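Written below as structure tokens is the structure these notes are about.
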Amino acid sequence: MLEQSVTTAGTRALTRRRQFAGPLAEALFFACAALAIVTSIGIVAVLVTEALPFFRSEGVSLLSFLTGTQWAPMIGRFGVLPLVTATVVISAIAMLVATPLGLGAAIYLSEYAAPQARQILKPTLELLAGVPTIVFGYFAITLLSPTLQAAFTPERVSIYNMAAAGLAMGLMLTPLVASMSEDALRAVPRSLREGSAALGATNLETTLFVVLPAALSGIVASLIVALSLAIGETTIVSIAAGAGPNLTLNPLASAETMTGHIARIAGGDLSHGSVDYLSIFAIGLLLFVITLTLNLASQAIVRRFREVYE
Amino acid sequence: MSAPPVEHYDPWAGATARRDAYRRLLNSGGRVAFAGCIGVALLALALLLGNIVSEAFGLVATVDERDRDGLVEGRAFTELSREDLARLLRQELSAGGLTRLEEERPLEERSLDDLRALVLARIVEPDVVGVWPLHESLLRRDAITAEVAAEEPGARLEFRSWLNWQFLTSPMASEPLEAGIRTAILGTLWVVSIAVLVAVPLGVAAAIYLEEFARNTRTTRLLRACITNLAGVPSIIYGMLGLVVFVRWGEALTGGRSILAAALALALLLLPIVIINAQEAIRAVPRSVREASMALGASPLYTVWHIVLPAARPGILTGTILAMSQAIGETAVLIAVGAATFIAFDPSGPHSAFTVLPIQIFNWTLRPQEEFRHLAAAAILVLLALLLSLNAVAIALRARLRGE
């Protein structure tokens with residue numbers, strides 16, 4: 001009798017505590033999740049509020065920033081094109097390396113490799129994915145750059161050059177493309193391959209004309225993600241591409257990218273109010289818009305064009 | 001009555017056979033090409049690692065500022081006893097420098113190797129006049145010896161491992177033979193631990209909300225979109241955010257370009273990674289387990305805390321280690337937030353100025369003098385060893401947790 005009433009009282013107390021604990025904990029968990037929204041707003045707010053005074057300062061306008069061909073803070077010229085071309089050239093080289101290598105590796109792993117070979121190859125590729133970017137930067141400047149100089153004579157190749165940075169970056173992106181594309185390829189149902197083989201197609205024909213088209217959305221998404229990473233990559237270009245804006249499409253020349261310039265100025269000792277310092281936030285804003293657009297495009301492609309199989 | 005057998009005549013038979021042979025050839029060519037892609041990637045990985053190892057060891061030619069064998073008349077440097085070395089230090093060093101050394105540890109109590117290193121660093125002061133990577137040191141040793149003898153007659157040629165105990169335990173120095181990475185290792189430990197301690201609890205809590213509590217509202221969809229897109233924001237932008245918010249606005253709290261400012265910026269970078277991984281881990285816990293718990297009368301909170309989280313622990317742990325590896329190798333954020341380039345003292349707390357391993361490597365790599373590249377290679381080996389052991393721990397822990 002007594003025991004029973006104690007239990008009832010205990011249960012009631014427990015229930016009451018629960019009634020408070022539940023919503024309180026939920027609110028706490030929500031606050032943590034809301035941090036993601038706060039950070040997103042914070043990024044945009046910081047970039048915009050710091051970039052605004054830059055665009056308001058003398059001799060600078062949005063148009064001259066986006067279309068100017070000269071980046072020379074000393075004489076008040078802030079045209080972002082030289083930094084953009086360097087980013088474009090290096091990213092293009094990186095994608096030219098990462099696309100065939102990554103895609104080829106993905107096709108081999110998903111369509112050809114024996115399970116045992118796959119078990120060894122996949123972790124090894126993941127090892128490559130885990131190597132920090134600074135190591136690829138070191139690779140670019142100590143091995144790739146001297147090799148390029150030896151191949152094309154030092155007169156034509158600067159020790160800091162876009163080709164070395166792009167090649168190292170391509171290598172860095174290869175495992176990412178390989179692993180994302182392989183996921184897309186493996187999601188294609190076996191029955192499609194079997195149907196194709198039953199019609200007399202060779203393994204290669206099945207891969208190229210049946211499996212690849214079926215996995216195309218995932219593959220394109222992986223390439224866009226890789227491109228976005230290439231554009232945002234900072235460490236490799238800071239080390240290997242050179243310090244100093246240079247409007248050129250010659251991959252053997254040295255030229256500073258958007259990210260390289262931001263890193264050099266942000267890490268330096270410029271006073272916070274100077275136009276020079278504020279200019280990096282305008283570049284940052286441009287960088288943010290580009291990478292966000294690419295990421296959104298990749299998500300849209302996956303959502304829109306994904307082939308859903310039962 | 002059956003029809004007479006029709007004779008099969010296929011005018012294209014020869015062509016078909018030729019075409020099939022061609023298709024088979026293409027097929028095997030494709031196989032070779034795809035395998036070649038992996039081959040090239042792995043070859044590049046081997047080159048990358050080989051290059052680092054080769055740069056981390058090799059021959060070094062030095063010239064003594066003061067000949068080490070002439071310090072004491074008629075006796076070679078290696079024959080000098082501890083007393084001789086201590087006496088030399090007392091004679092040659094300035095009073096202030098000597099006091100500092102004695103305060104650190106009295107000369108009498110120091111070992112022979114320690115004293116030798118001190119005499120070399122403070123009195124002999126060898127200058128590096130030539131360095132060679134491992135492969136050249138092994139293959140062209142005779143040629144290098146002849147070269148050094150011809151160009152720098154007084155130089156001594158020694159095989160040096162740039163990765164050595166002294167390198168791991170010495171602070172940064174401007175002399176390549178004395179420089180070490182102790183400050184950088186300590187800085188990395190400080191920054192990464194704070195960043196992970198901040199990011200993991202917040203990230204796991206956010207993941208719990210999204211997976212267990214969130215209803216499909218507009219806010220929730222916004223949250224998910226933010227997290228997905230934050231994961232794709234370049235790290236240099238997190239660096240700029242950190243520079244403005246934690247270094248400038250929060251200077252009173254963080255002390256400017258400090259460990260704390262860097263760790264907080266890094267935590268923001270890690271947050272989406274941690275959330276996404278924790279979400280996956282929580283999602284992998286079967287629905288039936290939750291339903292069973294609720295059916296026994298447990299509240300949603302109790303179920304999450306005592307049932308779902310323990311089951312998701314291996315996955316969350318893997319995500320944590322992944323975040324840690326990312327933080328250890330991260331360079332761009334720390335360049336922007338401002339890890340200092342030359343710090344010769346140990347970090348004393350969250351507010352102190354600092355440097356980290358990747359920044360140290362970055363600076364050494366950018367130096368024009370070749371000897372610093374070798375230091376960078378040695379530091380990279382330390383960085384990679386750190387990452388590898390971390391991953392090994394992750395695998396081992398996961399195996400144990402799964403076994404339970």
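Could you list, in sequence order, the residues of the stretch B:194-230 that are under 30 Å from B:HIS351 (Cβ atoms) and in contact (Cβ under 8 Å) with a residue 40 or more places away in the chain?
We begin by selecting, within the stretch B:194-230, every residue under 30 Å from B:HIS351 (Cβ atoms); these are B:194-206, B:230.
Matches in the stretch B:194-230: B:ILE194, B:ALA195, B:VAL196, B:VAL198, B:ALA199, B:VAL200, B:LEU202, B:GLY203, B:VAL204, B:ALA206, B:LEU230.
Which of (1) within 11 Å of chain B (Cβ to nearest Cβ); (2) free of Cβ contacts under 8 Å to residues at least 40 places away in the same chain; (3) closer than 30 Å to A:TYR277 by Cα does A:LEU204 not meet, given it meets every other one?
(3)
Taking the condition surrounded by fewer than 20 Cβ atoms within 10 Å (Cβ to Cβ), assigned to a helix (DSSP H, G or I), in contact with a helix residue (DSSP H, G or I) (Cβ under 9 Å, 6 or more places away or on another chain) and touching a residue at least 60 places away in the same chain (Cβ under 8 Å), does A:PRO53 pass?
Details: surrounded by fewer than 20 Cβ atoms within 10 Å (Cβ to Cβ): yes; assigned to a helix (DSSP H, G or I): yes; in contact with a helix residue (DSSP H, G or I) (Cβ under 9 Å, 6 or more places away or on another chain): yes; touching a residue at least 60 places away in the same chain (Cβ under 8 Å): yes.
The answer is yes for A:PRO53.
Can you confirm whether A:SER228 is within 8 Å of chain B (Cβ to nearest Cβ), hydroxyl-bearing (Ser, Thr, Tyr) and within 21 Å of A:GLY170 (Cβ to Cβ)? Don't jump to the end; show me each part of the working.
Details: within 8 Å of chain B (Cβ to nearest Cβ): yes; hydroxyl-bearing (Ser, Thr, Tyr): yes; within 21 Å of A:GLY170 (Cβ to Cβ): yes.
Against the criterion (within 8 Å of chain B (Cβ to nearest Cβ), hydroxyl-bearing (Ser, Thr, Tyr) and within 21 Å of A:GLY170 (Cβ to Cβ)), A:SER228 qualifies.
Sort through A:GLN116, A:GLN149 and tell me the only one that's out of contact with any helix residue (DSSP H, G or I) (no Cβ under 7 Å at 6 or more places or on another chain), away from chain B (no Cβ under 11 Å) and surrounded by 16 or more Cβ atoms within 10 Å (Cβ to Cβ). Write out each step before concluding.
Values: A:GLN116 fails: surrounded by 16 or more Cβ atoms within 10 Å (Cβ to Cβ).
Exactly one residue qualifies, and that residue is A:GLN149.
Residues to consider are A:ILE283, A:ILE301; find the one that is away from chain B (no Cβ under 12 Å), assigned to a helix (DSSP H, G or I) and more than 13 Å from the chain's Cα centre (by Cα). It would help to see each step written out before you state the result.
Details: A:ILE283 fails: away from chain B (no Cβ under 12 Å).
Sole residue among the options that is away from chain B (no Cβ under 12 Å), assigned to a helix (DSSP H, G or I) and more than 13 Å from the chain's Cα centre (by Cα): A:ILE301.
Residue check: is B:ASN363 under 24 Å from B:ARG160 (Cβ atoms), assigned to a helix (DSSP H, G or I) and open to solvent by 30 Å² or more (accessible area, probe 1.4 Å)? I'd like the intermediate steps shown before the answer.
Numbers: under 24 Å from B:ARG160 (Cβ atoms): yes; assigned to a helix (DSSP H, G or I): yes; open to solvent by 30 Å² or more (accessible area, probe 1.4 Å): yes.
Answer is yes for this residue.
Of the residues B:LEU269, B:LEU260, only one is more than 13 Å from chain A (Cβ to nearest Cβ), over 18 Å from A:PHE29 (Cα atoms) and in contact (Cβ under 8 Å) with a residue 40 or more places away in the chain; which?
Working: B:LEU269 fails: more than 13 Å from chain A (Cβ to nearest Cβ).
From the options B:LEU269, B:LEU260, the qualifying one is B:LEU260.
Just for the stretch B:215-246: of the residues that are over 21 Å from A:LEU292 (Cβ atoms) and surrounded by fewer than 19 Cβ atoms within 10 Å (Cβ to Cβ), which one is farthest from the other protein chains (Cβ to nearest Cβ)? Steps first, please.
The first filter runs over the stretch B:215-246 and keeps only residues over 21 Å from A:LEU292 (Cβ atoms), leaving B:215-217, B:246.
Checking the rest, the ones that are also surrounded by fewer than 19 Cβ atoms within 10 Å (Cβ to Cβ) come to B:215-217.
Details: B:ARG215: 11, B:ASN216: 14, B:THR217: 11 Å.
Taking the candidates together, the pick is B:ASN216.
Right, B:ILE307: within 12 Å of B:LEU401 (Cβ to Cβ), part of a helix (DSSP H, G or I) and not small (Gly, Ala, Ser) or not?
Values: within 12 Å of B:LEU401 (Cβ to Cβ): no; part of a helix (DSSP H, G or I): yes; not small (Gly, Ala, Ser): yes.
Spelling it out, it is not the case that B:ILE307 is within 12 Å of B:LEU401 (Cβ to Cβ), part of a helix (DSSP H, G or I) and not small (Gly, Ala, Ser).
Tell me, please, whether a residue that is open to solvent by less than 50 Å² (accessible area, probe 1.4 Å), within 11 Å of chain B (Cβ to nearest Cβ) and not small (Gly, Ala, Ser) can be found in the stretch A:262-269.
Residues of the stretch A:262-269 open to solvent by less than 50 Å² (accessible area, probe 1.4 Å): A:262-263, A:265-268.
Adding the requirement that they be within 11 Å of chain B (Cβ to nearest Cβ) leaves A:262-263, A:265-268.
Checking the rest, the ones that are also not small (Gly, Ala, Ser) come to A:262, A:265.
Yes.
Residues being at pLDDT 90 or above, hydroxyl-bearing (Ser, Thr, Tyr) and more than 20 Å from B:GLY239 (Cβ to Cβ): count how many of those fall in the stretch B:308-327.
1
Which ones in the stretch A:125-146 are in contact with a Leu (Cβ under 6 Å, 6 or more places away or on another chain) and within 9 Å of chain B (Cβ to nearest Cβ)?
Matches in the stretch A:125-146: A:LEU128, A:PHE139.
Conditions tested, residue by residue: (1) buried (at least 16 other Cβ atoms within 10 Å of the Cβ); (2) closer than 30 Å to B:ALA376 by Cβ; (3) not assigned by TED's automatic domain parsing to the domain that holds A:VAL289.
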position	(1), (2), (3)
A:GLU126	no, yes, no
A:GLY166	yes, yes, no
A:ALA184	yes, no, no
A:ALA198	no, no, no
A:ALA221	yes, no, no
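Kindly list the number of the only condition in (1) part of a helix (DSSP H, G or I); (2) over 20 Å from A:GLY130 (Cα atoms); (3) more than 12 Å from every other protein chain (Cβ to nearest Cβ) that fails for A:GLY244.
The number of the failed condition is (1).
Taking the condition of being acidic (Asp, Glu), without any contact (Cβ under 8 Å) to a residue 12 or more places away in the chain and closer than 30 Å to B:HIS135 by Cβ, how many residues in the stretch B:56-79 meet it? Working first, answer last.
In the first step, residues of the stretch B:56-79 are kept if they are acidic (Asp, Glu); the result is B:64-65, B:67, B:69, B:73, B:79.
Going one step further and asking which of them are without any contact (Cβ under 8 Å) to a residue 12 or more places away in the chain, we end up with B:69, B:73, B:79.
Of the ones still in play, those that are also closer than 30 Å to B:HIS135 by Cβ are none.
Qualifying residue count, the stretch B:56-79: 0.
The rows are residues; the columns are (1) open to solvent by 50 Å² or more (accessible area, probe 1.4 Å); (2) modelled with pLDDT of 90 or more; (3) among the charged types (D, E, K, R); (4) under 27 Å from A:ILE283 (Cβ atoms).
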{"residue": "B:GLY255", "(1), (2), (3), (4)": "no, no, no, no"}
{"residue": "B:ALA262", "(1), (2), (3), (4)": "no, yes, no, yes"}
{"residue": "B:GLY329", "(1), (2), (3), (4)": "no, yes, no, yes"}
{"residue": "B:ALA339", "(1), (2), (3), (4)": "no, no, no, yes"}
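Could you please give the count of residues in the stretch A:59-110 that are more than 14 Å from chain B (Cβ to nearest Cβ), open to solvent by less than 10 Å² (accessible area, probe 1.4 Å) and not β-branched (Val, Ile, Thr)?
Count: 4.
For the stretch B:113-121, indicate whether the set of residues that are closer than 30 Å to B:ILE361 by Cα, among the charged types (D, E, K, R), at pLDDT below 85 and surrounded by 16 or more Cβ atoms within 10 Å (Cβ to Cβ) is non-empty.
Taking the stretch B:113-121 as the starting set, the residues that turn out to be closer than 30 Å to B:ILE361 by Cα are B:113-121.
Filter again for among the charged types (D, E, K, R), leaving B:113-114, B:116.
In the following step, the residues that additionally are at pLDDT below 85 were identified as B:113-114, B:116.
Now restrict to residues that are surrounded by 16 or more Cβ atoms within 10 Å (Cβ to Cβ): B:116.
Checked against the condition, which is being closer than 30 Å to B:ILE361 by Cα, among the charged types (D, E, K, R), at pLDDT below 85 and surrounded by 16 or more Cβ atoms within 10 Å (Cβ to Cβ), the stretch B:113-121 yields at least one hit.
If you check every pair at least six apart or on different chains, which have Cβ atoms under 8 Å apart with a residue in the stretch B:14-30 that is under 13 Å from A:THR206 (Cα atoms) and within 11 Å of chain A (Cβ to nearest Cβ) first and a residue that is among the charged types (D, E, K, R) and surrounded by 13 or more Cβ atoms within 10 Å (Cβ to Cβ) second?
B:ARG23/A:GLU205; B:ASN27/A:GLU205
Every residue in the stretch B:157-172 that is open to solvent by 70 Å² or more (accessible area, probe 1.4 Å) and in contact with a strand residue (DSSP E or B) (Cβ under 7 Å, 6 or more places away or on another chain), please.
Correct list: B:GLU158, B:PHE159.
The values are calculated or read from the model by the stated rules, or taken from the named source; none is laboratory data. In this text the structure is predicted, and so the values were computed from the model without any measurement. All Cβ positions, glycine included, derive from the backbone under ideal geometry; neighbour counts span all protein chains shown. With ligands, DNA and RNA removed, areas are computed over all heavy atoms of the protein, side chains included. Shrake-Rupley method; radii C 1.70, N 1.55, O 1.52, S 1.80 Å.
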